[in-house]
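K.L.:
Got a structure for you, written out below as structure tokens; questions coming shortly.
What follows is calculated from the coordinates using simple rules that are stated; it is not laboratory data. Small disclaimer: the values here were computed from a predicted structure and weren't measured. Because the Cβ atoms are built from the backbone with ideal geometry, glycine has one as well, and the counts that use them run over all protein chains shown.
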Amino acid sequence: MPYSVFVTVELTQSGRGSRRVVVGVIGLVLFLLAGVGAYAVASGYREQDTKYCGHDCIPGLKIGTVVEALQGQGHACADKRQFWSCQLRIGKVRFEADLFRVPDVADFYEYIGKVEARIVNPDSTTAAAGLDYMSWFATLPHRDDPSTVKKLGGWLAEQITGDGDVTFVLDWEYALERKANTRSVELTMKRRY
Amino acid sequence: MAAPPGWPYSPDGRFWWDGTAWHPVQAPPPGPPAQPGLTVPPPPGFDAGHPSVSSPWPRTPPPQRAEPYAAGQQTPPPAYGPPGPPGLNPPRRRGTAVFALVTAGTLIAALALGGIAGAAVGLATTEPVTDDRAPSFPGRFPSGKQRYLPKVTVNMVAVNWLQAANAWRCAKSAAPDPVTGATMGMICRPGDAARLHMSVYIWYDEPDKVLSVKARCDLGVGSKACTSLFGMMADTLLSPDRTLRERAEGWAKKNAGKEAMTSLGGIRLQTALHPHSMEAVPAI
């Protein structure tokens, strides 16, 4: 066999080997990348799964946890079976919140499906406290999403000094209503599809 | 026109070479068409030294001579390269195609397997968050600590100001206040005839947890007694802060005859005309 042909054959076999190694490395990288990506997606999906409350609750927050947090702020809370009612009076102003349990077939899940938060007798000096009060409840379902929290805060700030409105944010319906007969502002939030 | 036996055909078998020009083949040439790499070699004497050949086989024939060839294709005749060693080119191309297919398949399989494996691990190892902590409260979120008038005690109002300095008489009330939610109350009135026209209500949970203080005066809007009562009340409530007590007293006297509101030192003072009164509650 001529030398040139021999060298050509050797180089060809060596080139094929190199190409196989390169393909193998690329395949391994793709495998890892696809694995990491799919893991992140599946993990996030699993974390947000709300099957444990019938898919109709504020994710990951037990009603007792929220009640305890409010009590820690000095709010007085009472269990009314269908909902927990918490309130705080400062002077003539009343901050009231009803946290409704998610109904099950014959009972209730210990998670929140609806919130009614109201401020009775608000005035110009209670605007900042009122906004923070409403915002805390409104952002409970989106507490890990800063952009949505900011968006909701902007909507509330606009509506709390106006006549009120309804909006939908990521499967949640928000309605802010000003009631002249009770001199109150009320926020109702519930799950909507 | 069919090629005479022995003359070469183009690799696609559609033309034959007479030594000077390409001619289209009119009828299928006998035998299988020439294949790439198996092109019929040039006839004997058909080399660079042949006097009638302008370019060596199988280089592109001269343009004017190539017209018949080009006429059938609308494009210039292909520049057939020199035929390689018989049987070498087809296997190499076939090998490259197989390699490309295997590579693509491997990469697609890697993506699919990686995705499936990652998703399976993600679903199997992650549990839904079912008992998260409550988020922190914003800075102005109303707190139970804001329910009481800062640094104000029942003694400060009832004993030091009203009873000791002005000989007023105070009585406790066990009824809770429906407005502030205070569990206990105290009403103080002057010891003389003015008791029918002046009063101070103190609502509290504990002696040092006062929710509201309200003075009422029915001796006429703008009367000296009412203005003095409101001024002294503001001075008493802000007495722990020397700089604010004077401002508070001045504001109360100035606004005793109209409806107004202000916040000083965590206390909101509000005057009203019907009934003529001034009330102090915590500022939010």
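K.L.:
Which entries in A:Lys62/B:Lys145; A:Lys150/A:Lys179; A:Lys151/B:Lys145; A:Lys62/A:Lys151; A:Lys151/B:Lys209; A:Lys51/A:Lys190 show an alpha-carbon gap greater than 28 Å?
P.N.:
Pairs exceeding 28 Å: A:Lys151/B:Lys145; A:Lys151/B:Lys209.
K.L.:
Give me the number: length gained by fully extending B:Val121 to B:Asp12, i.e. 0.36 nm times residue separation minus the C-alpha to C-alpha distance, one decimal in nm.
P.N.:
Extending this stretch completely gives an extra 33.5 nm.
K.L.:
Please build a GNM for chain A, connecting alpha carbons under 10 Å apart, and tell me which residue among A:Val120, A:Val66, A:Val25 fluctuates the most.
P.N.:
Evaluated over chain A, the most mobile residue of the options is A:Val25.
K.L.:
GluC sites (Glu not before Pro) within the range B:208-284: which are DSSP loop residues with at most 12 other Cβ atoms inside 10 Å?
P.N.:
Values: sites: B:Glu246, B:Glu249, B:Glu259, B:Glu279; in loops: B:Glu259.
When the GluC sites (Glu not before Pro) of the range B:208-284 are filtered for loop state and at most 12 Cβ neighbours within 10 Å, B:Glu259 remain.
K.L.:
How do A:Phe168, B:Phe141 line up, fewest other C-beta atoms within 10 Å first?
P.N.:
Fewest to most other Cβ atoms nearby, the residues stand as A:Phe168, B:Phe141.
K.L.:
Quick one: longest stretch of chain A between exposed loop trypsin sites (Lys or Arg not before Pro), exposed meaning at most 16 other C-beta atoms within 10 Å and loop per DSSP?
P.N.:
Values: sites that count: A:Lys80, A:Arg81, A:Arg183, A:Arg192.
Answer from the scan: A:82-182.
K.L.:
Could you let me know the centre-to-centre spacing of the range A:90-113 and the range A:163-181, using Cα atoms, in angstrom?
P.N.:
Centre-to-centre (Cα) distance: 17 Å.
K.L.:
Remind me, relative contact order of chain A in percent, using alpha carbon pairs under 8 angstrom and six or more residues apart?
P.N.:
After rounding, I find 14 percent.
K.L.:
Determine the calculated [θ] at 222 nm for chain A from helices alone, applying -39500 (n - 2.57) to every DSSP H run no shorter than 4 residues and normalising by the residue count; nearest 500 deg cm²/dmol.
P.N.:
-14500 deg cm²/dmol, from helical runs alone.
K.L.:
Next question, about the same structure. Whole-Hz ³J(HN,Hα) for each residue in the range A:121-132, computed from phi via Karplus 6.51 cos²θ - 1.76 cosθ + 1.60 with θ = phi - 60°, x for glycine and proline: what do you get?
P.N.:
Values per residue, Gly and Pro as x: 6, x, 9, 5, 7, 9, 4, 5, 5, x, 5, 5 Hz.
K.L.:
Quick one: order B:Cys188, A:Cys53 by neighbouring beta-carbon count within 10 Å, fewest to most.
P.N.:
B:Cys188, A:Cys53
K.L.:
To the nearest 0.05, how large is the calculated FRET efficiency for B:Gln163 and A:Arg81 if R₀ is 51 Å and r is the Cβ-Cβ distance?
P.N.:
0.60
K.L.:
Which residue fluctuates most in the GNM of chain A (Cα springs below 10 Å): A:Ile119, A:Ile26, A:Ile63?
P.N.:
A:Ile26
K.L.:
Can you tell me how the range A:54-191 classifies by the Cα gyration tensor, rounded, prolate or oblate, using a/c under 1.5 as the rounded cut?
P.N.:
Oblate, since a/c reaches 1.5 and b/c is not below a/b.
K.L.:
Would you mind ranking B:Ile187, B:Ile108, A:Ile160, B:Ile284 by Cβ crowding within 10 Å, fewest neighbours first?
P.N.:
Values: B:Ile187 17, B:Ile108 12, A:Ile160 20, B:Ile284 23.
Result, fewest neighbours first: B:Ile108, B:Ile187, A:Ile160, B:Ile284.
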